[in-house]
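Everything on this sheet refers to the single structure shown next.
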Amino acid sequence: MGDNILFSLGDFQVSLVLSLEIIASILTFLCILFAVKEKIWTFPIGMIGTAMYFFVFFMQRVYSSMTLQIMFFAFNAYGLYKWTHPGKKDSAKSDNTLAVTLLTSKSRVLTIVIIAVLTMALGYVMSNLNNWLPALFPEEAKYVYIDTSILAASLVAQYLMAIKKLENWAIWFAVDIVSAPFYFITVGWATGILYLVFIFTAVMGWIEWKKSYKSTSKDTEFSDIG
């Protein structure tokens, strides 16, 4: 987990990376719980957690996931605004906060295409970072295309969460299934366990948001993306 040991408990050494990972994992778990319940606190907590994970992934040389945290931070800031300031074309709840809506069939297909294209494009970039920017990335990135598939799908899921589309939870479910074993191998046990838990919270999120959608929608028409 890194060489910066903060303290030891017998034979168990607590490093800087492990400490940051555990705190970030707790914050991210709270972030998801608030998201399931449509609570606005999901975004400021998420911003703090992503900032901490940025350094965890950098120190572990998982550059795609490191980059993902920058985008997560931006989408959390956007979601914080979007949920509390729905536009004229958005569906709003009685308290004037953004309501849960669905993607059109066309937008669902487009979402899959975007994830696939992003995975390939980002995989090419990440596999060459150590050649292009050796001062910043002295070592070759590990597990590039698994890492970038998680990055691409997570970016799309986070954006869909920011605009309150129900389908974000389906994408998160797929991301969590892949991420749990991947992060056990590349980052550490705390993040691996976190993503195992996220598999169940994604299911919870789908159920809760579907109830919310049914309670606020007056018809069954799909709303478009964005």
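Selection of first residues in the stretch 71-88 that are touching a residue at least 60 places away in the same chain (Cβ under 8 Å) and of second residues that are surrounded by fewer than 18 Cβ atoms within 10 Å (Cβ to Cβ), restricted to Cβ pairs under 6 Å at least 6 apart or on distinct chains, gives the following pairs, ordered by first then second residue: 83/40; 83/97. Considering the conditions (1) at pLDDT below 90; (2) aliphatic (A, V, I, L, M); (3) surrounded by fewer than 20 Cβ atoms within 10 Å (Cβ to Cβ); (4) closer than 30 Å to residue 86 by Cα, residue 185 is excluded by exactly one of them, (4). For the stretch 96-114, the candidate set comprises residues that are β-branched (Val, Ile, Thr) and outside any strand (DSSP E or B); within that set, the residue that is farthest from residue 150 (Cα to Cα) is 97. With surrounded by 12 or more Cβ atoms within 10 Å (Cβ to Cβ), in a helix (DSSP H, G or I) and of a type in the set (Lys, Arg) as the only criterion, which of 82, 142 stands out? It is 82. Taking the stretch 205-220 as the range and being surrounded by fewer than 16 Cβ atoms within 10 Å (Cβ to Cβ) and either in a helix (DSSP H, G or I) or among the aromatic types (Phe, Trp, Tyr) (or both) as the test, the residues that pass are 207, 210, 211, 214, 215, 216.
Among the residues making up the stretch 188-204, those that are of a type in the set (Val, Ile, Thr) and either at pLDDT 90 or above or surrounded by fewer than 20 Cβ atoms within 10 Å (Cβ to Cβ) (or both) are 193, 197, 199, 201, 203. If you filter the stretch 41-72 down to residues that are of a type in the set (Gly, Ala, Ser) and at pLDDT below 90, you find that the one that is nearest to residue 27 (Cα to Cα) is 65. Please go through the stretch 116-135 and give me each residue that is free of Cβ contacts under 8 Å to residues at least 60 places away in the same chain, part of a helix (DSSP H, G or I) and over 10 Å from residue 148 (Cβ atoms), ordered by number. Answer for the stretch 116-135, where residues must be free of Cβ contacts under 8 Å to residues at least 60 places away in the same chain, part of a helix (DSSP H, G or I) and over 10 Å from residue 148 (Cβ atoms): 116, 117, 128, 130, 131, 132. Listed by first and then second residue, the pairs linking a residue in the stretch 96-114 that is touching a residue at least 12 places away in the same chain (Cβ under 8 Å) and surrounded by 15 or more Cβ atoms within 10 Å (Cβ to Cβ) to a residue that is part of a helix (DSSP H, G or I) and among the polar types (S, T, N, Q), with Cβ atoms under 6 Å apart and 6 or more places separating them unless they lie on different chains, are 99/216; 100/212.
The values are calculated or read from the model by the stated rules, or taken from the named source; none is laboratory data. Bear in mind the structure is a predicted one, so any value in this text is a computation, not a measurement. FYI the Cβ positions are ideal-geometry reconstructions off the backbone, even for glycines, and counts take in every protein chain you see.
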